[in-house]
Amino acid sequence: MSGARFPILSLALRSILNRAGTALLTILTVAISVTLFLGVEKIRHGARASFENTISGVDLIVGARSSPVNLLLYSVFHIGDATNNITWESYQAVAGAPNVAWTVPVSLGDSHRGYRVVGTTPGYFEHYEYGSGRSLTFAEGASFADLFDAVVGAEVARELGYETGQEIVVAHGMGSVSFVEHDANPFTITGVLAPTGTPVDRSVFVTLEAIEAIHLEGSTGRGTALPADQLRAMDLAPEQITAFFVGLDTPVAALRLQRQVNTYPEEPLQAVIPGVALAQLWSVIGAAERTLAAVAAFVVLTGLVSILTAILTSLNERRREMAILRALGARPHHVFILLVAESALLALAGAVIGTGLTYAGLAGFSPLLEARFGILIPQLLPGLYDLAIVGLVTAAAAVLGAGPAWRAYRHSLADGMTIRV
Amino acid sequence: MIESAPALQIADLRFNYRHGDDVLAIARFDVRAGERLFLRGASGSGKSTLLGLIAGILSPQAGRIEVLGEDLTTMGAAKRDAFRAARLGVIFQMFNLLPYLPVGRNITLPCRFSPERARNAADAGGADAEARRLLDRLGLDPAEFWLKRSSALSVGQQQRVAAARALIGRPGLILADEPTSALDADSRDAFIDLLKEECAASGAALIFVSHDSSLADHFDRALDLSDLNTASVTA
Ligand SMILES: Nc1ncnc2c1ncn2[C@@H]1O[C@H](COP(=O)(O)OP(=O)(O)OP(=O)(O)O)[C@@H](O)[C@H]1O
Ligand SMILES: [Mg+2]
C-alpha cells in the first residue's frame with residue numbers, strides 16, 4: 001500500500017525549508033536553550049569534579065577530633081577555626097607509623113590582609129596535589145630558603161600586586177583589618193604559585209618555624225626582637241600544630257591508619273580521607289548547583305514551546321496543504337506524523353546545533369575556566385549523556401507537537417475534500 | 001482491461017455529515033469509462049461532498065459506490081486511500097499545489113505516493129519526462145516552469161500544473177471541483193479544452209463540477225445534481 005512509501009520525512013523537511021526564516025529562529029531558540037542547559041551541566045560537573053579534587057595525592061588529613069567536614073573546612077579551605085590544636089608529639093607518632101611516606105604539617109591562625117597564613121614545610125609544595133594529580137608549580141621564584149620567607153598563592157599575588165622580593169607583614173587572627181600585626185618580623189616573598197582554582201590561591205605560606213618565632217613572646221605580640229641569626233640557631237620546632245597531611249606508600253593502608261589515629265590513646269585525634277569528606281561537603285553545598293540545573297531545564301522547555309508556537313501559527317495556513325495531501329492518497333495519520341516529524345526535526349536540529357555550540361564554547365573557554373576558576377572540564381567531546389539530551393529534547397518536541405498534529409488530524413477528517421481557506 | 005469498467009456506478013447512496021440531515025440521496029448515477037461529464041449544482045448543493053465520496057475520503061451511510069470497477073464501500077479506509085492515490089486525480093478550485101515544492105516536484109508527487117502511478121509514468125518514459133510532456137501540452141514551457149516556485153505562478157498557471165499532477169501516471173478518473181472558478185472566461189475555456197484533450201489522450205474519465213451551467217457545452221454529457229439528489233438540501 002501507499003502508506004509505506006509516503007514520503008513524510010522529506011515533505012516535512014521541505015516544508016521546514018520553505019519557512020526557513022521562522023524555522024531558523026525556532027531552531028536557534030532551541031539551540032541556545034540546549035547550549036545553556038548543557039553548558040550549565042558541563043560546568044556543574046566540572047565544578048563538582050574539581051571541588052572533589054581540591055586536594056588529591058593526600059591520603060589522610062589529621063587534626064583534633066571534631067567532625068570530618070569541619071576538619072576539611074579549616075585545614076584545606078581555611079574556613080573557620082580548629083576546635084583544638086594537636087601536639088607535635090602526636091604528629092611525630094603518626095609520621096613514624098608504618099606505611100607513612102611523608103607528612104606535611106600546617107599551622108593556621110594568622111592572616112595577611114584577609115588571606116590566611118599557613119605555616120608549613122617546603123614539603124607542602126611537593127606533595128599537595130589537586131585535580132587529577134596536578135602538582136603545585138611556581139609562576140615565579142621558589143620555595144622557602146630562609147626562616148622569614150613566604151610563598152603567596154596566585155590570587156593573593158594578583159589582588160595585592162605582589163612579586164618576589166617584596167616584604168609583607170602577617171597579622172594575628174583573621175580579618176583584613178587585623179588587631180595585632182607581627183610587624184617586628186616582616187617576611188620576604190620568595191615565590192608566587194601558579195593558579196590552581198583551589199584555596200591554595202588564596203593563601204600565604206610561611207615556614208612552620210617562622211610561625212613559632214613570631215609567637216615566641218606571646219601570641220598577640222608584635223613579634224620577636226631576637227635577631228634572625230639567633231633565631232635560626234634555635235630549635236623552633238612547634239609544640240602544637242593545627243593539622244597535617246599524610247601521604248602513604250600504599251592507599252590501602254589509609255583505612256587502617258585512619259582507625260589507629262581515631263583511637264590514638266594520648267590525644268583525641270581524627271583522620272579523614274579527603275575525597276570522602278569532600279563528597280560529603282559537596283552534598284551540602286551542591287543544592288545551589290542543582291537549582292541552577294533545574295532553571296536550565298526550564299529554559300529548554302521554553303525552547304520547546306517556541307516550536308509549538310511556530311507550528312500552531314502555521315497550522316491554519318497549512319490546513320489546505322493537508323487537504324491536498326489527503327487528495328493525493330495520504331492517510332489521516334500521515335497528516336499527524338507530518339506535523340510531529342516537523343516538530344521533532346526542528347528540535348533535533350536545535351539540539352544538535354546546541355550541543356555543537358556547547359562543545360565549541362567549552363573548547364574555547366576551558367583554559368580560562370581552568371585558570372580563573374579552577375574548573376576542569378573533564379570531557380571535551382560529546383558523549384552518551386549529550387546524545388541522551390538530544391534524544392530527550394527531540395522526543396519532548398514530538399510529544400508537544402502531537403497537540404497541533406492532533407488538531408490537524410481532526411481537521412483533515414472533518415474537511416473531507418473541501419479546502420478550507 | 002480495467003479501463004473498460006465503468007468509471008463510476010453509484011446505487012442507493014445516502015450520506016450525511018455527523019448524523020445531520022441527509023446531504024445526498026442518489027438512487028443511481030453512472031459514468032462510463034472515458035466519459036467527460038459536467039455536473040452542475042448550486043453552492044451548498046453537495047457537489048464537493050459527492051466528489052469526496054467518489055474519492056473515498058468520505059464514506060456513505062448507505063449505498064454502493066463503484067469506482068473504476070472497484071467497490072469503495074467494501075474497502076477499509078486504508079485501502080480507499082491507497083486506491084485514491086493509484087487511480088484518481090483530483091483538482092481543487094484553488095490552492096492545489098504544495099507551496100514548498102517546485103512545479104516539477106508537485107506534478108510528480110502522485111508517482112511518489114503510488115507505485116502504480118509511478119509504473120504507469122515509467123511506461124510512458126519516466127515520471128519527469130511525462131510531467132514535462134504534460135506541462136508542455138497544458139501550455140507551460142517546462143524549461144521555464146519546471147523549477148519555478150509554485151507560489152510564483154498565476155492562478156491559471158497553478159490550475160494547469162494541478163491538472164498535470166492529476167493526469168500523471170494515467171489515473172482512470174479525474175475529479176475536478178470547480179477548477180476554473182478563479183479564472184477569467186478566456187483562460188477558463190482554454191483550461192477546460194486542455195483538460196478534456198488530456199483526459200481523452202490518457203483515456204481517463206472526467207467528472208467536472210461547477211455551479212456555472214454555461215460550461216456544460218464543453219462536455220460529453222451534462223447533469224444537474226438536483227436532478228440526481230433527492231435529499232432536501234438547502235441549495
Ligand atoms: N465538513 C463538513 N461538515 C459538515 N457539513 C458540511 C461539511 N462540508 C459541507 N457540509 C455541508 O454539506 C452541504 C454540501 O456542501 P458541499 O461543500 O458539498 O457543497 P458544494 O456544492 O460543494 O458547494 P460549493 O459550490 O459552495 O462548493 C452544505 O450544506 C454544507 O454546509
Ligand atoms: Mg464545493
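The values are calculated or read from the model by the stated rules, or taken from the named source; none is laboratory data. This one's a predicted model, so the numbers in the text were calculated from it and none came from an experiment. Ideal geometry is used to build each Cβ from the backbone, glycine not excepted, and the neighbour counts take in all protein chains shown.
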Worksheet item: From B:ASP30, B:ASP71, which residue is more than 16 Å from ligand 1 (Cβ to nearest atom) and either crowded, with 18+ Cβ neighbours inside 10 Å or under 23 Å from B:GLU198 (Cα atoms) (or both)?
Response: B:ASP30
Worksheet item: Restricting the stretch B:176-189 to residues that are more than 14 Å from every other protein chain (Cβ to nearest Cβ) and at pLDDT 85 or above, which is nearest to ligand 2 (Cβ to nearest atom)?
Response: B:THR180
Fill in: Residues located in the stretch A:256-280, provided they are surrounded by 13 or more Cβ atoms within 10 Å (Cβ to Cβ), more than 13 Å from the chain's Cα centre (by Cα) and assigned to a helix (DSSP H, G or I)
A:ARG256, A:LEU257, A:GLN258, A:GLN260, A:VAL261, A:ASN262, A:PRO274, A:GLY275, A:VAL276, A:ALA277, A:GLN280
Worksheet item: Residues of the stretch B:197-220 being within 24 Å of B:LEU68 (Cα to Cα), in a helix (DSSP H, G or I) and in contact with a strand residue (DSSP E or B) (Cβ under 6 Å, 6 or more places away or on another chain), which ones?
Response: B:CYS199, B:ALA216
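Taking the stated definitions as given, is B:ASN96 within 16 Å of ligand 2 (Cβ to nearest atom) and not hydrophobic (A, V, I, L, M, F, W, C)?
yes
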Discussion item. Considering only the stretch B:110-118, I want to know if a residue exists there that is among the small types (Gly, Ala, Ser), more than 7 Å from every other protein chain (Cβ to nearest Cβ) and in a helix (DSSP H, G or I).
Written reply: yes
Discussion item. For the list (1) within 11 Å of chain A (Cβ to nearest Cβ); (2) within 16 Å of ligand 1 (Cβ to nearest atom); (3) surrounded by fewer than 22 Cβ atoms within 10 Å (Cβ to Cβ), I need the number of the one condition that B:ALA55 fails.
Written reply: (3)
Worksheet entry | Residues of the stretch B:58-68 satisfying the condition of being more than 9 Å from chain A (Cβ to nearest Cβ) and either within 17 Å of the chain's Cα centre (by Cα) or within 16 Å of ligand 1 (Cβ to nearest atom) (or both) | B:SER59, B:PRO60, B:GLN61, B:ILE65, B:GLU66, B:VAL67, B:LEU68
Practice prompt. Select from the stretch A:312-336 the residues that are within 14 Å of another protein chain (Cβ to nearest Cβ) and β-branched (Val, Ile, Thr) and list them in ascending order.
Written response: A:ILE324, A:VAL335
Worksheet item: Of (1) facing chain A (nearest Cβ under 9 Å); (2) over 22 Å from B:ILE207 (Cα atoms); (3) touching a residue at least 40 places away in the same chain (Cβ under 8 Å); (4) surrounded by fewer than 20 Cβ atoms within 10 Å (Cβ to Cβ), B:ALA78 satisfies all except one. Which?
Response: (3)
Worksheet item: Got at least one residue in the stretch B:154-177 being surrounded by fewer than 20 Cβ atoms within 10 Å (Cβ to Cβ) and out of contact with any Phe, Trp or Tyr (no Cβ under 9 Å at 6 or more places or on another chain)?
Response: yes
Discussion item. For the stretch B:46-79, which positions are closer than 21 Å to B:ASP227 by Cβ and within 16 Å of ligand 2 (Cβ to nearest atom)?
Written reply: B:GLY46, B:LYS47, B:SER48, B:THR49, B:LEU50, B:LEU51, B:GLY52, B:LEU53, B:ILE54
Response to the item:
Restricted to the stretch A:292-322 and to residues being more than 15 Å from A:PHE37 (Cβ to Cβ) and aliphatic (A, V, I, L, M), the residue surrounded by the most Cβ atoms within 10 Å (Cβ to Cβ) is A:ILE307
Fill in: Meets criteria (within 14 Å of chain A (Cβ to nearest Cβ) and either acidic (Asp, Glu) or away from ligand 1 (no atom under 13 Å from the Cβ) (or both)) for B:ARG14
no
Worksheet entry | Answer residue from the stretch A:347-390, given it is surrounded by fewer than 20 Cβ atoms within 10 Å (Cβ to Cβ) and among the charged types (D, E, K, R) and is modelled with the highest pLDDT among those | A:GLU370
Worksheet item: Which condition number does B:GLY172 fail, the rest of (1) touching a Lys or Arg at 6+ places or on another chain (Cβ under 7 Å); (2) modelled with pLDDT under 90; (3) away from ligand 1 (no atom under 16 Å from the Cβ) being met?
Response: (2)
